[in-house]
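Student: The following block contains the structure, expressed as structure tokens.
Each value in this text was obtained by applying a stated rule to the coordinates, not by laboratory testing. It should be emphasised that the depicted structure is a prediction, and the values quoted were computed from it without experimental measurement. Cβ coordinates were reconstructed from backbone atoms using ideal geometry, including for glycine residues, and neighbour counts include every protein chain displayed.
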Amino acid sequence: MKELLGVKGIHKYFPGVHALDDIAFSVGTGEVHALVGENGAGKSTLIKILSGIHRPDAGEIRLDGNRVEWKSPKNALEAGIAVIHQELSLAPHLTVAENIFLGREPRKGPFLDRPTMYKEAQHILDRVHASFDAGRETGTLTTGEQQLAEIAKALSLNVRILAMDEPTSSLSSQETETLFSLIGELREQGVGIIYISHRLEEVFRIADTVSVLRDGTYAGGGPITDFSEEDIVRLMVGRSVENLFPREAPQPGGVALEVDGLSRQGVLEDISFKVLEGEILGFSGLVGSGRSNVARCLFGLEPFQKGHIRIMGENASIERPADALDLGLFLVPEDRKLQGLFLNRSVESNATVLQLVRHLLGRFLVNRKRQRNEAERLTSELNVRFASLDQQVNNLSGGNQQKVAIAKGLSVTPKILILDEPTRGIDVGAKAEIHHLMNRLTREGMAIIMISSELPEILGMSDRIVVMRQGRMTATFSSAEATSEKIMLAAAGGGNNARL
Amino acid sequence: MPAFNWRKHGNIVVLAALLAFLAFSNSDVLQPSNIANVIGQAAVMGTCAVGMTFVILTGGIDLSVGSVVALSGALGAWLNVNAGLPWHAAWVLAILAGGMCGLVSGILVQWGRVPPFMATLAMMAAARGLTLLLTQGNPVSGTSPAFNYAGWAAFLGFPVSGFILIACAVAAWFTLRFTAFGTGVYAVGDNLEAAHFAGIHTGAVTITVYAISGITAGLAGLLMVGRLWSAQPSIGTGLELDVIASVVLGGTSLFGGVGSIRGTMTGILIMGFLDNGLRLLEISSYLQQVIKGAVFVGAVVLDMYFKGAYRKGKSRDAL
């Protein structure tokens, strides 16, 4: 395997942070090199240096053994280094072909040569086994399809090194399979692939080599066959994580929330369940099965036509989030950046915003000192790591952002907490902390509803599991009887229309 | 040691540079009498800017302030002169009329789903039309000295209108910093969806900020009448540009969620001294317009630049 791209002795400083500390890394022809590490470990910074977005403060970059210096991302792109970022960057109203050739459209004289453009785009799309054609409007594609379009765009540039940042985080399992077989083909063709992922099972499936970063330093690495999952987790967090899902034996109390016959035209049908105090009720099902809609109805974000909600035995009428909060119910939404946080605002204002708007920090005027104390208490209880309470949450890692989003809810001491994808896209360490927190909260008598797409999390943390499919509940399991096979079956088809 | 935050404090550097330049070019600029003059002249525009800050913080815009200034001034003067109301009653009613204009804009934005730009553009036309209807296009003069007092008089050598501007600014600063509503204003501008999730009545916040802008414009209209000793139906044309420029120069983002009253006050002083300095330097009033336009564009370009830096994930503090 010949080295394509390598770096040595890379240092990168951001204000107040030594983001990369003496990093060496290389990828060869036909190699799939997995880059793993917790959020904030420096993976994205390294990719940005390799692709010319950032310039290193020290160290060298080699391409085909020759020292190079990227002055801009364009340099790197011309040398055949393409990056597919987590947030896809396609123009939604252009066609796929227009996106693929954006900025370098084939021309005939001064005019665009559309037939050639579409023909070539289609040719590349066929190479990635895309099921859509080059004339489709990009915005109408699914996320997985858009990712294929991004890969096609990279291939049209004669890519030699392709870096992918968390490519599967929003893909269905079908789309993930397609991606993996495509990665296999690209490897056959000699493309070097840098693969960033949190999902260790994926890394073990497709990677040849692995490098682990921790706090900006190189923690270890080598051929993937030399490592076990436990080894990698230990390198990532610098300690061993014995049990990722440490659910303690629950001590359920009275009924906290009772939902009876909840129906929403075309979305939900006859949803009925109970959650006890001190219990974690897991909601499983495919994306779009209506799991999140249940949460949104309970929190007053979506209307429903039929059904009753009882909280602590009392009939509850919830028309807007403020009503739900009055009744002691809080939802930590699925998308923390879009729905959960005020990214431009400080850790302090995010953590205390609910107390503030609910006049808990003074009836008429805000008691700034109390706000500060509350922010300190909440962030230390959740072990949020930040430089200062005045820091913008935008600058925190995903795990810490999620902790702030949860802290915000806990600030008003809800009796029922709904967590929608509580650990999506966050690192192993923060994940374990959030699971421990869930244990502690239920020990104190809180009722928790956890919606998750990750089966191990559902199986590991739930006391009971509800499975949904196409807006209906298809099964309910106790944690003892649940297995991933049973859940998948109920989520994807079949199942015994079990009732609570 | 945190790096200098240009977004937050850059406007002070601009103001200092402007003052230094003007002081160098013309020794009269920093005379106390001239400073008082600048503040008196900027008070009308500045009072509007205080209310506008609320609107822009939510990510909205209010183009109607110039017309609302004219309407409330004309109404107040008409009530005082033609209906014989005492000055305070006329003032209260005129300010309420300004607030009503804002309320209507806010309702159009919130319930009618009309983009703020369009809703307030319509209000700009409608309020101007109402002013012309009320006055039949003629100035209203003969307002009582008490009615005019706040607009032209000085107290302890400082214009009363300047005191009113400062009072408005303090009240606004206090509201934004120490009340739940203030938090709601920032929250709505920063992330409307997250604000809704947090149980904030986002609709009420949106409508209220336009009403506040209407109220401050109404107050500004009365100061304007006092300044001129008459209500001019065509007054305030183009005022919205200066007002928005002050707010944006003060570091409040047109995208909402970021900004402060302190910044707006700095922006008002920049605009005020720019106006005053250009006049003292005897630059033609036509060219003054061009320069102001350029300053406005410059402020917006900077806002876009900071926004872009934010999107690339850099800390603003790192800039």
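Student: With a point put 7 Å past each Cα toward its Cβ, work out how far A:Arg443 is from A:Lys2 in nm, to one decimal.
Tutor: 5.9 nm
Student: Placing +1 at every Lys and Arg Cβ and -1 at every Asp and Glu Cβ, with all other atoms neutral, what dipole size does the stretch A:255-492 have around its Cα centre, in debye to the nearest 20?
Tutor: Dipole magnitude for the stretch A:255-492 comes out near 660 debye.
Student: A further question follows. Normalising by the residue count of the stretch A:131-271, find the relative contact order in percent from Cα pairs under 8 Å and 6+ residues apart.
Tutor: Dividing the mean separation by the residue count of the stretch A:131-271 yields 13 percent.
Student: Same structure, new question: Binning at 10 Å from 0, report for the stretch A:3-237 what percent of all alpha-carbon pair distances ends up in each bin.
Tutor: For the stretch A:3-237, the pair-distance distribution reads 8, 32, 35, 19, 6, 1.
Student: Okay, moving on. Under a 5 Å amide H to amide H cut-off, with H placed in plane at 1.01 Å, what residues pair with A:Val210 once short-range neighbours are removed?
Tutor: Under 5 Å from the amide H of A:Val210: A:Ala34, A:Gly222, A:Ile224.
Student: Still on this structure, please answer the following. If each DSSP helix of 4+ residues adds -39,500 (n - 2.57) and the sum is divided by the residues in chain A, what number results at 222 nm, nearest 500 deg cm²/dmol?
Tutor: -9500 deg cm²/dmol
Student: I've got another one for you. Compute and list, largest first, the equivalent-ellipsoid semi-axes of the stretch A:60-155 from the alpha carbon gyration tensor, each √(5λ) rounded to a whole angstrom.
Tutor: In descending order, the three semi-axes are 26, 17, 12 Å.
Student: For the protein assembly as shown, what is the per residue volume of the convex hull drawn over the alpha-carbon atoms, in cubic angstrom?
Tutor: 206 Å³
Student: Here is a further query. Arrange the following residues from fewest to most other Cβ atoms within 10 Å of their Cβ: A:Thr143, B:Thr266.
Tutor: Fewest-to-most ranking of A:Thr143, B:Thr266: A:Thr143, B:Thr266.
Student: Scan around B:Gly250 for amide H atoms under 5 Å from its own, H built in the peptide plane at 1.01 Å from N, and keep only partners 5 or more places away or cross-chain.
Tutor: Here the answer is B:Gly267, since their amide H atoms fall under 5 Å of that of B:Gly250.
Student: Using a Förster distance of 41 Å, how high is the FRET efficiency between B:Ala204 and A:Ser131, based on the Cβ-Cβ distance and rounded to 0.05?
Tutor: Efficiency for this residue pair is about 0.30.
Student: Another one. Once R0 is set to 30 Å, what does the formula 1/(1 + (r/R0)^6) return for the Cβ-Cβ distance between A:Phe204 and A:His18, expressed as a FRET efficiency to the nearest 0.05?
Tutor: So, using R0 = 30 Å, E works out to roughly 0.50.
Student: Over all residues in B:183-191, what is the mean tally of Cβ atoms on other chains that come within 10 Å of each residue's Cβ?
Tutor: Per residue, the average neighbour count from other chains is 5.
Student: Which of the helices in chain A, when you take each full DSSP H run, stretch at least 15 Å along the axis at their Cα atoms and have an average Kyte-Doolittle score of -0.5 or higher?
Tutor: Result, helices passing both filters: A:143-156, A:173-188, A:347-357, A:398-410, A:428-443.
Student: List the relative contact order of chain A as a percent without decimals, with contacts defined as Cα pairs under 8 Å and 6+ residues apart.
Tutor: Once normalised by length, the contact order is 15 percent.
Student: Can you put B:Trp111, B:Trp6, B:Trp87 in order of Cβ neighbours within 10 angstrom, beginning with the fewest?
Tutor: B:Trp111, B:Trp6, B:Trp87
Student: Quick one: if you stick a label point 7 Å off each Cα along the C-beta vector at A:Gln189 and A:Val255, how many nm between them?
Tutor: 5.9 nm
Student: Of all the Cα-Cα pairs you can form in the stretch B:38-305, what percent are over 31 Å apart?
Tutor: 22 percent
Student: Further, regarding this structure: Read phi for every residue in the stretch B:195-202 and hand back ³J(HN,Hα) as whole Hz from Karplus 6.51 cos²θ - 1.76 cosθ + 1.60, θ = phi - 60°, with x for Gly and Pro.
Tutor: Once rounded to whole Hz, the list reads 4, 5, 4, 7, x, 7, 7, 4.
Student: Also: Using alpha carbon centroids, what distance separates the stretch B:85-99 and the stretch B:138-206, in Å?
Tutor: 16 Å
Student: On full extension of the chain, what length is gained from A:Thr140 through A:Ser453, given 0.36 nm per residue of separation minus the C-alpha to C-alpha distance?
Tutor: Contour length minus Cα-Cα distance gives 110.3 nm.
Student: Taking the dipole about the Cα centre of the protein assembly as shown, with the C-beta of Lys and Arg at +1 and of Asp and Glu at -1, give me whichever of A:Gly220, A:Thr95, B:Ala204 is farthest to the positive side.
Tutor: B:Ala204
Student: Moving to a separate point now. Looking only at other chains, what is the average number of their beta-carbon atoms within 10 angstrom of each beta-carbon in A:343-355?
Tutor: Going residue by residue through A:343-355 and averaging, the value is 4.
Student: Still on this structure, please answer the following. Kindly write out, for the stretch B:173-182 in residue order, the coupling ³J(HN,Hα) from the Karplus curve 6.51 cos²θ - 1.76 cosθ + 1.60 (θ = phi - 60°), rounded to whole Hz, with x marking Gly and Pro.
Tutor: Once θ is set to phi - 60°, the couplings for the stretch B:173-182 become 4, 4, 4, 5, 8, 10, 10, 4, 4, x Hz.
Student: Residue by residue through the stretch B:147-155, what is 3J(HN,Hα) from phi via Karplus (6.51 cos²θ - 1.76 cosθ + 1.60, θ = phi - 60°)? Round to whole Hz and write x for glycine and proline.
Tutor: Listing the rounded values in order: 4, 7, 3, 4, x, 10, 6, 10, 10 Hz.
Student: Describe numerically, in nm with one decimal, the distance between label points set 7 Å from Cα along Cα→Cβ at B:Ser284 and at B:Ser141.
Tutor: 3.1 nm
Student: What does the helix-only formula give at 222 nm for chain B: each DSSP H stretch with n ≥ 4 adding -39500 (n - 2.57), the total divided by the residues, and the result rounded to the nearest 500 deg cm²/dmol?
Tutor: Estimated from H runs of four or more residues: -25000 deg cm²/dmol.
Student: If you don't mind, another one. Rg/Rh for the stretch A:255-492 to two decimals, with Rh computed the Kirkwood way over all alpha-carbon pairs.
Tutor: Rg divided by Rh gives 0.97.
Student: Here is a further query. May I ask you to compute the full-extension gain from A:Arg370 to A:Asp323, defined as 0.36 nm times their residue separation minus their alpha-carbon distance, rounded to one decimal in nm?
Tutor: 14.4 nm
Student: Which cross-chain or sequence-distant (5 or more) residues have an amide H under 5 Å from the amide H of A:Gly282, H modelled 1.01 Å from N in plane?
Tutor: A:Met450, A:Asp463, A:Arg464, A:Ile465, A:Val466
Student: Determine, for A:His198, A:His54, the number of other Cβ atoms within 10 Å of each Cβ, and report the residues in order from fewest to most.
Tutor: By the 10 Å Cβ count, ascending, the order reads A:His54, A:His198.
Student: Counting partner chain Cβ atoms within 10 Å of every residue's Cβ in A:326-337, what's the average?
Tutor: That works out to 1 on average.
Student: What lysines could a cross-link reach from A:Lys337, if we take a straight Cα to Cα line under 23 Å and drop same-chain neighbours fewer than 8 places away?
Tutor: Here the lysines satisfying the reach criterion relative to A:Lys337 are A:Lys43, A:Lys48, A:Lys403, A:Lys408, A:Lys431, B:Lys307, B:Lys312, B:Lys314.
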